[in-house]
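Enquirer: Sharing a structure here in structure tokens format.
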Amino acid sequence: MTARPSPATAGGDGPSGRGNTRVGVITFPGTLDDRDTQRAVRLAGAEAVPLWHRDKDLKQVDAVVLPGGFSYGDYLRAGAISRFSPVMETVIEQARAGMPVLGICNGFQVLTETHLLPGAMLRNNHLHFICRDQKLRVENANTSWTAEYEAGQEISIPLKNIDGRYVADERTLDMLEAEGRVAFRYLDTNPNGSLRDIAGITNEAGNVVGLMPHPEHAVEPLIGSGRTDGLGFFTSILKKLVNA
Amino acid sequence: MARVVVDVMLKPEILDPQGQAVQRALPRLGFEGIADVRQGKRFELEVEGPVDDAALARIREMAETFLANTVIEDFTVRVDS
Amino acid sequence: MARVVVDVMLKPEILDPQGQAVQRALPRLGFEGIADVRQGKRFELEVEGPVDDAALARIREMAETFLANTVIEDFTVRVDS
Amino acid sequence: MTLDTVKHATETPDIDQPWAELGLKQDEYERVREILGRRPTGAELAMYSVMWSEHCSYKSSKVHLKQFGEKAPQSDALLVGIGENAGVVDVGQGYAVTFKVESHNHPSYVEPYQGAATGVGGIVRDIIAMGARPIAVVDPLRFGAADHPDTKRVLPGVVSGIGGYGNCLGLPNIGGETVFDACYQGNPLVNAGAIGVMRHEDIHLAKASGSGNKVILYGARTGGDGIGGASILASETFDEAKPSKRPAVQVGDPFQEKLLIECTLEAFAEKLVVGIQDLGAAGLSCATSELASNGSGGMRVELDDVPLRDSTLSPEEILMSESQERMCAVVEPSKVERFLAICEKWDVTATVIGEVTDGDRLEIFWHGEMIVDVDPRTVAHDGPVYERPYARPAWQDALQADDANKLARPADADELRAQVLRLVSSPNQASKSWITGQYDHFVQGNTVLAQPEDSGMIRIDEDTNLGVAIATDGNGRFTKLDPYTGAQLALAEAYRNVAATGAKPLAVSDCLNFGSPEDPAVMWQFAEAIRGLADGCLEMGTPVTGGNVSLYNQTGEAAIHPTPVVAVLGVIDDISRRTPIAFADEGHLIYLLGDTKEELGGSAWSQVVHDHLGGLPPAVDLGREKLLAEILISASRDGMVDAAHDLSDGGLIQALVESCLRGGKGARIVVPDGVDPFVLLFSESAGRAIVAVPRSEELRFNDMCGARGLPTTRIGVIDGTEIDIQGQFSIPLSELKVAHEETIPAILA
Ligand SMILES: Nc1ncnc2c1ncn2[C@@H]1O[C@H](COP(=O)(O)OP(=O)(O)O)[C@@H](O)[C@H]1O
Ligand SMILES: [Mg+2]
């Protein structure tokens, strides 16, 4: 009996015909979930390429993940210092050109600080760090990172943060709703006071996605929450790239 | 060396649970008569060289792009006397 | 209503990791000439009634026992003008 | 003021020195003078005073602690034993695991957040100093009464400090304890433990060898924090009235520590490090004297090269500073450049501050003048040793005679039911999820089990599924009633918790929290507890690999309950065989393993219902504990049970409630003929566990237990949505859930 799920079949040739799909995982000083994210990428059948915050070069990856953690200790504001790292210059440029970018937790905070995604993340309304399995609804299954899910599908993946309260002004929120850019919503209870129960959003083009919960911690049946609901993020990207 | 202070506060329309938690605790500690509490950040910058208009303009830019996130926060810059 | 501001800063001898992280980032963002950064908290209190000496004394006590931990922090209290 | 150089000290033998203020006793100061053949310089005095403090020298405890070595069981698993930063255990497949528990009690009372945070930081540096990557933390905690106002200040601060630091480091928190008792009022216990993993060949030791090798200080800059903390903090009772003796509290920087971990591991991976030491209590005094005395030669240090946060620090202060997040490495000259480059990559400040010499002296210079010239062994290892007097306290007999088995028991089934609800909602028995929900237990992606399971479990190899488990336990009430037995019960419980999850217990670490060693009664408790633990470890075959002693946990004359916290580390070959506590499958049979006797002394029931502490603690039978563990491990490996939960405080009913709530299923329990339901539910006899056995496995399971002589009782079945004690009462899970889960949030809200 093996504990690991077999690699998803969606792997194989990358879009550029270089063989495996290459997914970059950025490490900032203080990033914590980079190894976990690399593991999730591998389990999905792609090649994980470590990227270092000081290098502008993205090593010809097909997609990039900004993992969770406390980059620069979350000092000043979560994501505020990392946003100015050299690697982000290239990420911003490539994201605007359509490269799939996923920001998880701290990565999401970095994406809002760069304004690739609107809004901001604030201290949870109860002021505590919170770690638990969280139920979500996938609202938008057309992004680069959600294609493996059905719109309306309910999934459970771990949530762990202290600065997870999503805020934006009413106009922005209305726009996100109207354009279907709320990608994930918290179900059952809102864990942190995020406006309109928003757990994650996407940019207009659907290639840049950010969310607070951690799909990379729900990819193996024996580990963490014991669910594999998060694997779809990493297999979605393969599907999207292969079909592109 | 001159000191410049940058105060960063959440915009009034944004919920400030830290300030609220402080305010809620006050009566329990026997402090009455505080109608509202907001909690923000204070930065003390030690500036090399003269704090002239040019320097202040630079610090204002620093506050705008870095020390504060103007999506959610307001800031003020002043020379400490 | 009058506003009283309480500033709470880490004592000078105490490590301020936040201020340090900000200071180290500044040159990378192109801001030179800042010799030191300390980050602290700013509380804005809306006070009901007159802010007389008695009220200020009470707020000072509140700062001493609650808003600041005087083992590691100093504070100042002032009426906002 | 003239600089107090070695030369100056020789020329001015009669100057008054503040040895008493620094915590040295008269005879200790005389001893220093004798060792040096002159008066110490100020810098030397600083070093001796911090290194000879109770905290660093173990002067009161040494004579007893040596039993852990003398009585150590033969164990092939032990790779590095007592005396190093942390012990190291072989867990197979070429992997070694290091683990240790330490206290940060007093600082956490003064400044709960930072005290607890820096406690986590300190223990994690011990783990990296062994060459290991830290993989998890645990936090055994003790607080004053749950409803005492100060608990509301201390507990939330401690919990957010442990979470704030550990979460930011990326270390999953996989276990701990939270106990409330008025005896800890003013003396909360904040113990923090960490585990690390490495390959055998990567084990590193704290020693400076190889003349010409460079000594590199890296990490945070040195500031004025914690100066004098090490000696004054640990050698005097904390006393609010004397602000000058207030330990300076340090502020932790977990981000800096995360960088320290990554850059240290990268340097290890490139084989750049000859020896390494973390800077904890006693800072540079400790690191330089220990590195030098454990190595082959001497050491020369240029104190001017230490990067400072505060340029006004004196050399004495630099030597005593306890600034956090610093490490010291010994590196061959040809590798220094590469080492510094790795530090630069991680934005970590690193400076060569000295080198290993072929002499045998530790020489420290300031502005070109020698201010320290000592034999490092006399600083690090030849501290004073006290044979403190100890005596069984006069009150011990009366305490033991006050038999809890004679307390009034519930008159009928209704009262029994009401007491069950009181028990499971009492602060000590209530769910701790308000606390553990603030700790990241997913990070690193290898967590197999975490709270509220019996032990935390981490996968260490993705290809083979090898894993390790850890549990910590300690019962101050039992230990107060009988220190020898209490310590063994702590060992037995932690051992049982590890086995209940399917892992094989291998080794022990401990954190011994006691009152003042100057009180003969406390010293007797301490001596008895160590004797009990050492004897117990010998019998169980689990060596003590290291630990920590925290004394002076008392306010005035009142000492805390003697609280030895025992951590047991285990290994599991295949994590897919781990056993959780949850009763999740309806129809599976519930078996009670072990014997239940009428043992209520020190029990949760006696505390909750009668606010009583007296009598004798439950008897210990370590042979039985081993047998029970073997059965639990075999049953897990061979798939005979799908849930197991050890019985400890709160007895059978507490375990049933936890397993049912965790699995979301009820249980129908039949009280066996001739058994008193009250005793069955509330007794805290040791050596017991409950398991869920699928019907298809019942025969095989019974055969195994029968063949090996372990008594078992089939007590019921997993079924329905309530806990139904047949013929007595039933309580819906929904009601139990409220009782169990709402207590702690309500207290702290
Ligand atoms: N402070 C804490 N930190 C982490 N885990 C904790 C803490 N307090 C309790 N726990 C966890 O909660 C669960 C129940 O604790 P407890 O009742 O003390 O266990 P035990 O069965 O060993 O007595 C265990 O998984 C324990 O590790
Ligand atoms: Mg247990």
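The values are calculated or read from the model by the stated rules, or taken from the named source; none is laboratory data. Keep in mind the model is a prediction, meaning the values are calculated, not measured. Neighbour counts run over all protein chains shown; Cβ positions are idealised from the backbone, glycine included.
Enquirer: Tell me which residues, restricted to region D:132-173, are within 12 Å of chain A (Cβ to nearest Cβ), assigned to a helix (DSSP H, G or I), within 13 Å of ligand 1 (Cβ to nearest atom) and out of contact with any Asp or Glu (no Cβ under 6 Å at 6 or more places or on another chain).
Expert: D:P156, D:V159, D:S160, D:G161, D:G163, D:G166
Enquirer: Restricting attention to region D:658-713, and to residues there that are within 14 Å of another protein chain (Cβ to nearest Cβ) and within 16 Å of ligand 2 (Cβ to nearest atom), which single residue is farthest from the chain's Cα centre (by Cα)?
Expert: In this case the residue turns out to be D:G663.
Enquirer: Let me ask you something else. Suppose we keep only residues that are closer than 21 Å to C:R28 by Cα and more than 10 Å from chain C (Cβ to nearest Cβ) within region B:66-81. Which one would you say is surrounded by the most Cβ atoms within 10 Å (Cβ to Cβ)?
Expert: B:A68
Enquirer: Within the group D:A584, D:A527, which residue is touching a His at 6+ places or on another chain (Cβ under 6 Å) and surrounded by fewer than 24 Cβ atoms within 10 Å (Cβ to Cβ)?
Expert: D:A527
Enquirer: Could you tell me which residue of region D:630-651 is nearest to the other protein chains (Cβ to nearest Cβ), considering only residues that are within 13 Å of ligand 2 (Cβ to nearest atom) and assigned to a helix (DSSP H, G or I)?
Expert: D:L632
Enquirer: Still on this structure: So which of D:A492, D:A450, D:A487, D:A507 ends up being within 16 Å of ligand 2 (Cβ to nearest atom) and more than 14 Å from every other protein chain (Cβ to nearest Cβ)?
Expert: D:A492
Enquirer: Given D:A145, D:A132, which one is more than 29 Å from D:A267 (Cα to Cα) and either touching a Ser or Thr at 6+ places or on another chain (Cβ under 6 Å) or at pLDDT 95 or above (or both)?
Expert: From the options D:A145, D:A132, the qualifying one is D:A145.
Enquirer: Can I ask one more? Quick check, is C:A63 surrounded by fewer than 13 Cβ atoms within 10 Å (Cβ to Cβ) and assigned to a helix (DSSP H, G or I)?
Expert: It is false that C:A63 is surrounded by fewer than 13 Cβ atoms within 10 Å (Cβ to Cβ) and assigned to a helix (DSSP H, G or I).
Enquirer: So D:Y591 fits all but one of (1) surrounded by 24 or more Cβ atoms within 10 Å (Cβ to Cβ); (2) part of a strand (DSSP E or B); what number is the exception?
Expert: D:Y591 satisfies all of (1) surrounded by 24 or more Cβ atoms within 10 Å (Cβ to Cβ); (2) part of a strand (DSSP E or B) except (1).
Enquirer: Among (1) away from chain D (no Cβ under 14 Å); (2) on the phi > 0 side of the Ramachandran plot, which single condition is A:T90 missing?
Expert: All conditions are met except number (2).
Enquirer: While we're here: Are any of the residues in region D:685-707 farther than 20 Å from D:I633 by Cβ and in a loop (DSSP other than H, G, I, E, B)?
Expert: yes
Enquirer: So, in region C:11-44, of the ones that are more than 15 Å from B:V47 (Cα to Cα) and more than 7 Å from every other protein chain (Cβ to nearest Cβ), which residue ends up nearest to the chain's Cα centre (by Cα)?
Expert: Ranking the qualifying residues of region C:11-44, first place goes to C:K11.
Enquirer: Condition first: buried (at least 24 other Cβ atoms within 10 Å of the Cβ) and not in a loop (DSSP other than H, G, I, E, B). Now tell me which residues in region D:670-684 satisfy that.
Expert: Residues satisfying the conditions are D:L681, D:F682.
Enquirer: Give region B:45-65 a look and list any residue that's within 18 Å of B:R3 (Cβ to Cβ) and more than 7 Å from every other protein chain (Cβ to nearest Cβ), or say none.
Expert: Result: B:P50, B:V51, B:D52, B:D53, B:A54, B:A55, B:L56, B:A57, B:I59, B:R60, B:A63.
Enquirer: Looking for whichever is away from chain D (no Cβ under 14 Å) and touching a Phe, Trp or Tyr at 6+ places or on another chain (Cβ under 8 Å) here; the options are A:G73, A:G119, A:G98, A:G103. Which one fits?
Expert: It is A:G119.
Enquirer: Another one. Hey, does region D:429-445 have a residue that's under 25 Å from D:A194 (Cα atoms), within 11 Å of chain A (Cβ to nearest Cβ) and aliphatic (A, V, I, L, M)?
Expert: Scanning region D:429-445, I find at least one residue that is under 25 Å from D:A194 (Cα atoms), within 11 Å of chain A (Cβ to nearest Cβ) and aliphatic (A, V, I, L, M), so the answer is yes.
Enquirer: Mind counting the residues in region D:723-743 that are buried (at least 19 other Cβ atoms within 10 Å of the Cβ) and either under 27 Å from D:I633 (Cβ atoms) or in contact with a strand residue (DSSP E or B) (Cβ under 8 Å, 6 or more places away or on another chain) (or both)?
Expert: Count: 6.
Enquirer: Could you list, in sequence order, all residues of region D:62-98 that are within 17 Å of the chain's Cα centre (by Cα) and of a type outside the set (V, I, T)?
Expert: D:L65, D:F68, D:G81, D:G83, D:E84, D:N85, D:A86, D:G87
Enquirer: Do we have D:V101 as of a type in the set (A, V, I, L, M, F, W, C), part of a strand (DSSP E or B) and within 16 Å of ligand 1 (Cβ to nearest atom) here?
Expert: Yes, satisfied.
Enquirer: All but one of (1) within 15 Å of ligand 1 (Cβ to nearest atom); (2) under 15 Å from D:C511 (Cβ atoms); (3) in a helix (DSSP H, G or I); (4) touching a Phe, Trp or Tyr at 6+ places or on another chain (Cβ under 8 Å) hold for D:H106; state the number of the condition that does not hold.
Expert: (1) is the only condition that D:H106 fails.
Enquirer: Of the residues A:E150, A:E154, which single one is under 16 Å from A:A199 (Cα atoms), charged (D, E, K, R) and at pLDDT 95 or above?
Expert: Exactly one residue qualifies, and that residue is A:E154.
Enquirer: All but one of (1) more than 21 Å from A:R22 (Cα to Cα); (2) out of contact with any Leu (no Cβ under 6 Å at 6 or more places or on another chain); (3) within 14 Å of chain D (Cβ to nearest Cβ) hold for A:P213, so report the exception by its number.
Expert: Unmet condition: (2).
Enquirer: So, in region D:299-317, exactly how many residues are at pLDDT 90 or above, buried (at least 20 other Cβ atoms within 10 Å of the Cβ), under 33 Å from the mean Cα position of the chain (by Cα) and not in a strand (DSSP E or B)?
Expert: Final tally of qualifying residues: 1.
Enquirer: Another question, then. Among the residues of region D:25-35, write down those that are farther than 15 Å from D:H381 by Cα and assigned to a helix (DSSP H, G or I).
Expert: Residues satisfying the conditions are D:Q26, D:D27, D:Y29, D:E30, D:R33, D:E34.
Enquirer: Still on this model: Looking at region D:5-31, which of the residues that are modelled with pLDDT of 90 or more and acidic (D, E) is surrounded by the most Cβ atoms within 10 Å (Cβ to Cβ)?
Expert: Among them, the one singled out is D:E28.
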